[in-house]
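The values are calculated or read from the model by the stated rules, or taken from the named source; none is laboratory data. On a predicted model such as this, the values are computed, not experimentally measured, just so you know. Reconstructed Cβ throughout: ideal geometry from the backbone, glycine too, with neighbour counts over all protein chains shown.
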Amino acid sequence: MTVLRSVLATAVAVASLAASPASAQFFMKSHDFSGEPVRGDEPGIGLDLPDATEAELTAGLVWNLRAALNIAALQCQFEPTLLTVPQYNAMMIDHAAELKTTYTTLTKYFARKNKAPRAAQNALDQFGTRIYGGFSTSAAQFNFCQVASNIGRDAIFMPRGSLHLLAKQRMRELRNSLVPWGEQRFPRGIGFDRTILLPRMDARCWKKNEWNTKACGPTVQWVAS
């Protein structure tokens, strides 16, 4: 391990210890988003790469992983303890060689599929843009940010040249995290697919903004939405 890598790993590890556990950032218990390892050509995993070789499919997965962690660095700064920014920066430095090879592989793929150089470059640019758009989320932002933080932490401890292994193991989990889920330990709390309790809104039960105890009892009554 080089001095630079040791410093990066130590810095992020220390910051991780100072932060609260990722599983408790937003929920007492988060939904389990884990999934099976992927090859790269499964439905819903990434953009189609017709006639791609195994190496090109792997490059597509790595570029998806890079894009997802980049999106997390941009969208998850509202919760600094997730460390998505330093994790992404450390990954870009530590795995620079593999990412460069990945980009070269994708460039050659689109050059093979498009004879005109300009068309090939446009196809590559569109590929990158669509990948970024595919990880943008608002309804599932908490889920995505937690999962991306967890994967980003693992990325900086992967041996150099093995980022593709992490992409294959965790891409299904990243994609699953884009589906909205709420609290799992207390499922009757506010969630995306759970019952929400609201105060009784009968007109006779309220005097302006105050509960009418004479008409409806001493305490506010709650009903399921």
Could you check, for the stretch 122-142, whether at least one of its residues is at pLDDT below 95, exposed (fewer than 14 other Cβ atoms within 10 Å of the Cβ) and basic (K, R)?
yes
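Do the conditions hold for A19, that is, is it at pLDDT below 50, hydrophobic (A, V, I, L, M, F, W, C) and surrounded by 12 or more Cβ atoms within 10 Å (Cβ to Cβ)?
Details: at pLDDT below 50: yes; hydrophobic (A, V, I, L, M, F, W, C): yes; surrounded by 12 or more Cβ atoms within 10 Å (Cβ to Cβ): yes.
Against the criterion (at pLDDT below 50, hydrophobic (A, V, I, L, M, F, W, C) and surrounded by 12 or more Cβ atoms within 10 Å (Cβ to Cβ)), A19 qualifies.
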For the stretch 58-79, how many residues are part of a loop (DSSP other than H, G, I, E, B) and either surrounded by 20 or more Cβ atoms within 10 Å (Cβ to Cβ) or touching a helix residue (DSSP H, G or I) at 6+ places or on another chain (Cβ under 8 Å) (or both)?
3
Restricted to the stretch 195-214, and to residues that are part of a loop (DSSP other than H, G, I, E, B) and surrounded by 10 or more Cβ atoms within 10 Å (Cβ to Cβ), which residue is modelled with the highest pLDDT?
N212
So how many residues does the stretch 27-57 have that are assigned to a helix (DSSP H, G or I) and under 19 Å from the mean Cα position of the chain (by Cα)?
0
